[in-house]
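K.L.:
Can you read through this structure? Questions will come right after.
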Amino acid sequence: MSSHSAPSFKNPVVRWVDSRLPVFSYMHAEYGTFPMPKNLNYFWNFGALAMVVLITMILTGIMLAMQYTAHTEHAFDSVERIMRDVNFGWLLRYIHMNGASMFFIVVYVHIFRGYYYGSYKQPRELLWILGVVILVLMMGTAFMGYVLPWGQMSFWGATVITNLFSAIPLVGENIVTWLWGGFSVDNPTLNRFFALHYLFPFLILGVVILHVVALHVTKSNNPDGIDVRGPQDTVPFHPYFTAKDSVGLGVFLLIFAFFVFFAPNYMGHPDNYIEANPLVTPAHIVPEWYFLPFYAILRSFTDDWWFFSWFLSWLMTAKLAGVLAMFGSLIVLAVLPWLDTSKVRSNRYRPIHKWLVIAVLIDFVILGWVGGKPAEEPYVSIAQWSTLFYFFAFIVLTPIIGWIERPRPLPASISEPVLKGGATTAKMEKS
Amino acid sequence: MAITLKGFALGVATAAVAGTIALSGMTDRALAAGEAEHPPELDWSWTGPFGTFDRASAQRGLQVYSQVCASCHGLGQLYYRDLTGLGYTEDQVAEFAAQYQVEDGPNDQGEMYMRPAEPSDHFVEPFPNEAAARAANGGAHPPDLSLIIKNRAHGFGSIGENFLAMLQVRGYSSGADYVHGLLAEGYVDPPEDVNLLPGQYYNKFMGSGAIGMPPPLYPDGVEYEDGTEATVDQQARDVSTFLAWAAEPRLEARKQTGVKVLIFLAIFTGILIAVKRRTWASVKH
């Protein structure tokens, strides 16, 4: 724990405020002297980066909302007006548009870091679950945001995704009508999506605050996955991690800016520059790239898939199975702390599980690749096997490996390998 | 050992970021364009990090648009005033706009009336509504051309080819390749197995092969004001350049700002790296 003695501020105004509302003491304790493990690598930048992108999205989003018109007759043209006539409107929109992709890149790396170094394990389970909640909220926000420009992919993406709810037995059709506010995706749908797209980022911000509060209770995990033993293992957040996070931020902004200024439409779909037309269906309806792995899982469940017809067809339709699997893929992430039976956090010391983590990463990328392909062979089979592997890896392999694996010896403390020149002693953590 | 593991972790991080970015453009654009052939890839003046629109070509393209395309295709996102961005003076723009008639009103008698267009008016539409457009074109609806270069930009082929094109800042130039190819080289004799409906033509760059538009460009179909020889290929290039400008008139401002931003960020990041090294110099980790 950091010292609880409040720092003495020189500025009398700061002192006056702080004795009534200790915001300065709080910032000092949580971002000044806050103890961070000193062995964190650059993977630990991505949480701060996600925070920066969230704030960027909220600020550009508010400014875009001032120029945008949420009406089916005007939405498309109002976005083009932002691109052409609003001062720096093109910049705001391209930052917002590419910011969504950047947010997912950063968050996917952040999640992978937690997965590889075991940041989901005791005592950080709730921290991890809050993270999954943020991911789900982000997905909802991004989906609704993509509908707002009212291009062809906006409209047809919204139609396909909202139709998923019709798979729910008995009340499915009613739920879809209720979501649409009518009998098809139309003006009421666009209006509520705009309202919710404005609301959700603030929900995300709320959960992010909880995520950070939980983090500051359990403190950061580290690449060795062992507990902090004392002050020799840590450095204060400032200046050490303000400096290190700034480096990551600089590199990240370079990549972000490259996309905004030189490849702003690379991650989008050209059909979204055609105004929505309910009478013309695009040849291939594809979601945004960051949904493709989940889209692949959804589409894997077809009536003629052996897995579905052997195990599930007596119980539900293929469509419902696909929807449940898609949401299930996020639920298995949330319960990962209890699926993983090993006490060792970092995969540096888990010779077998490390390969599972890498296999899951490859599997996720393959799912993303086939999710962008048309529903034909060989992509359908690849998607189905990859879907099976995803669930098999989490539900079956993860607990089994935890039982049978012999972890490599853990260092006694974070500073020990440095201080003793790499010599380690075999001390199993039983926390 | 700690160093190798750190190296491994950084390697995985880099690979994950690079892989995600590469795959993020992986929606199969070639397929989205249908099974049609890929049009030839040309060098466009406005690609690359320093690209600008070839003004002379774009001005000739405006001539092709207004003398050929405009009889069926609208350019609804543009105002006449936008033409100053192509190098015309305000007087020239006013003169150009005044050739067209727009409906205005109601006047103080409560009646609509026609008046010459002004720079503040949108480009005049060729048809009053979609039904009129279809009636005049054998049931086909000629698409608005404001964003045609962007919404036909289906990429350069495989994921790898698209990734390389992105690094070369080729942007939406595949849409210009498509428009140019369609106009200049697409109209060929249909293969044996293609059945066209009455009023349809065959174009090898259309997804289905069938197109409602008759071949619109002919040698010397327009007489260029600057004396350039108006071959079909030249007209197709010029109108594609004009439409690329029309699709994103702020492209030049974007790229010029981008160069400054990247230079600033590169220097600033260098400073941040130095600060971080200095800060951490005394810590054993």
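Here, each number is a calculation from the coordinates, and none is a lab measurement. The model shown is predicted, which means the values in this text are computed figures rather than measured ones. Here Cβ is always computed from backbone atoms with ideal geometry, including for glycine, and neighbour counts include all displayed protein chains.
K.L.:
What per residue convex hull volume, in Å³, comes out for the range A:178-304 when only alpha-carbon positions are used?
P.N.:
So the per-residue hull volume is 240 Å³.
K.L.:
Using modelled amide H (1.01 Å from N, peptide plane; none on Pro or chain starts), what sits under 5 Å from the amide H of B:Val102, excluding residues fewer than 5 places away?
P.N.:
Amide H to amide H, under 5 Å and 5 or more residues apart or across chains, B:Val102 pairs with B:Arg115, B:Ala117.
K.L.:
Suppose the chain between A:Ile168 and A:Val280 were pulled fully straight at 0.36 nm per residue; how much longer would it get relative to their current alpha carbon spacing? Before the final figure, lay out the partial values.
P.N.:
Details: separation 112, 0.36 × 112 = 40.32 nm, distance 2.73 nm.
This chain segment gains 37.6 nm when fully extended.
K.L.:
Right, something else. If you take the C-alpha gyration tensor of the protein assembly as shown, multiply each eigenvalue by 5 and take the square root, what semi-axes do you get, largest first, in whole Å?
P.N.:
Sorted largest first and rounded, they come to 51, 31, 25 Å.
K.L.:
A:Met36's amide H: which non-local residues (gap 5+, or another chain) put their own amide H closer than 5 Å, with H modeled 1.01 Å from N in plane and none for Pro or chain starts?
P.N.:
Amide H to amide H, under 5 Å and 5 or more residues apart or across chains, A:Met36 pairs with A:Val235, A:Phe237.
K.L.:
Whole percent per 5 Å bin, from 0 to the bin with the longest distance: what is P(r) over all C-alpha pairs of the range A:1-113?
P.N.:
That works out to 2, 10, 13, 12, 11, 11, 12, 11, 9, 6, 3, 1, 0, in percent per bin.
K.L.:
Further, regarding this structure: I need the semi-axes of the equivalent ellipsoid of chain B: take the C-alpha gyration tensor, multiply each eigenvalue by 5, square-root it, list largest first in whole angstrom.
P.N.:
Working: eigenvalues 396, 148, 63 Å².
Listed largest to smallest, the semi-axes of chain B are 45, 27, 18 Å.
K.L.:
From the Cα gyration tensor of the range A:29-285, with a ≥ b ≥ c the square roots of its eigenvalues, which class applies: rounded if a/c is under 1.5, or else prolate if a/b is larger than b/c, or else oblate?
P.N.:
Working: a/c = 2.63, a/b = 1.72, b/c = 1.53.
Prolate shape, in that a/c is at least 1.5 and a/b is the bigger ratio.
K.L.:
To continue, here is another question. Exceeding 22 Å between C-alpha atoms, which entries from my cross-link table qualify? They are A:Lys319/A:Lys373; A:Lys121/A:Lys354; A:Lys38/A:Lys219; A:Lys219/A:Lys343; B:Lys150/B:Lys255; A:Lys121/A:Lys244. Don't skip to the answer; put the middle values down first.
P.N.:
Numbers: A:Lys319/A:Lys373 19 Å; A:Lys121/A:Lys354 15 Å; A:Lys38/A:Lys219 12 Å; A:Lys219/A:Lys343 18 Å; B:Lys150/B:Lys255 17 Å; A:Lys121/A:Lys244 25 Å.
Exceeds cut-off: A:Lys121/A:Lys244.
K.L.:
How many Å³ per residue does the convex hull of the Cα positions in the range B:209-271 occupy?
P.N.:
Here the figure is 162 Å³ per residue.
K.L.:
With an 8 Å Cα cut-off and a minimum separation of 6 or more residues, compute the relative contact order for chain A in percent.
P.N.:
21 percent
K.L.:
Shifting gears a bit: Just counting partner chain Cβ atoms within 10 Å, what average do the residues of peptide A:354-367 show around their Cβ?
P.N.:
Working: counts 1, 0, 0, 1, 1, 0, 0, 4, 1, 0, 1, 6, 1, 0.
Taking all residues of A:354-367 together, the mean is 1.
K.L.:
Let me ask another. Residue by residue through the range A:32-45, what is 3J(HN,Hα) from phi via Karplus (6.51 cos²θ - 1.76 cosθ + 1.60, θ = phi - 60°)? Round to whole Hz and write x for glycine and proline.
P.N.:
x, 8, 3, x, 10, x, 7, 9, 5, 9, 5, 4, 7, 7
K.L.:
Amide H neighbours of A:Gly151 under 5 Å, at least 5 residues apart or on other chains, H built in the peptide plane: list them.
P.N.:
Excluding prolines and chain starts, which carry no amide H, the hits are A:Ala276.
K.L.:
Ordered by residue, what ³J(HN,Hα) values in Hz, to whole numbers, does the range B:151-157 give under the Karplus form 6.51 cos²θ - 1.76 cosθ + 1.60, where θ = phi - 60° and Gly and Pro are x?
P.N.:
8, 9, 7, 8, x, 10, x
K.L.:
Give me the distance between the Cα centres of the range A:369-401 and the range A:141-181, rounded to whole Å.
P.N.:
25 Å
K.L.:
Can I ask one more? Take the Cα atoms of the range A:293-431, build their convex hull, and give its volume per residue in Å³. Write down the numbers at each step before the final one.
P.N.:
Values: hull volume 17.7 nm³, N = 139.
Measuring per residue, one finds 128 Å³ for the Cα hull of the range A:293-431.
K.L.:
Moving to a separate point now. Which of B:Ile271, A:Ile134, B:Ile149 comes first, and how do the rest follow, when ranked by fewest Cβ neighbours within 10 Å?
P.N.:
Details: B:Ile271 11, A:Ile134 23, B:Ile149 30.
Ascending Cβ contact count within 10 Å gives the list B:Ile271, A:Ile134, B:Ile149.
K.L.:
Can you put B:Val283, A:Val251, A:Val332 in order, fewest other beta carbons within 10 Å first?
P.N.:
In order of increasing Cβ crowding within 10 Å: B:Val283, A:Val332, A:Val251.
K.L.:
Ranked highest first by average number of other Cβ atoms within 10 Å, how do A:395-404, B:55-64 line up? Show your work: numbers first, answer last.
P.N.:
Numbers: A:395-404: 14.5, B:55-64: 22.1.
Going by the mean number of other Cβ atoms within 10 Å, highest first, we get B:55-64, A:395-404.
K.L.:
Tell me whether the range A:122-195 comes out rounded, prolate or oblate; compute the Cα gyration tensor, take square roots of the eigenvalues as a ≥ b ≥ c, and use a/c under 1.5 as the rounded threshold.
P.N.:
Oblate, since a/c reaches 1.5 and b/c is not below a/b.
K.L.:
Something else now. Suppose we flag trypsin sites (Lys or Arg not before Pro) only when DSSP calls them loop and at most 10 other Cβ atoms lie within 10 Å. Which is the longest uninterrupted stretch of chain A?
P.N.:
Between the exposed loop sites, the longest stretch runs A:11-429.
K.L.:
Restricting to Cα atoms and excluding each atom paired with itself, what does the Kirkwood estimate give for the range B:78-159 in Å?
P.N.:
15.5 Å
K.L.:
Ignoring everything except DSSP H segments at least 4 long, calculate the 222 nm mean residue ellipticity for chain A; use -39,500 (n - 2.57) per segment, divide by total residues, nearest 500.
P.N.:
The helix contribution divided over chain A gives -18500 deg cm²/dmol.
K.L.:
At 7 Å along Cα-to-Cβ for each site, give me the label-to-label distance between A:Ser8 and A:Phe183 in nm.
P.N.:
7.7 nm
K.L.:
Can you tell me the FRET efficiency between A:Met66 and B:Glu103 if r is taken as the Cβ-Cβ distance and R0 is 41 Å, rounded to the nearest 0.05?
P.N.:
0.85
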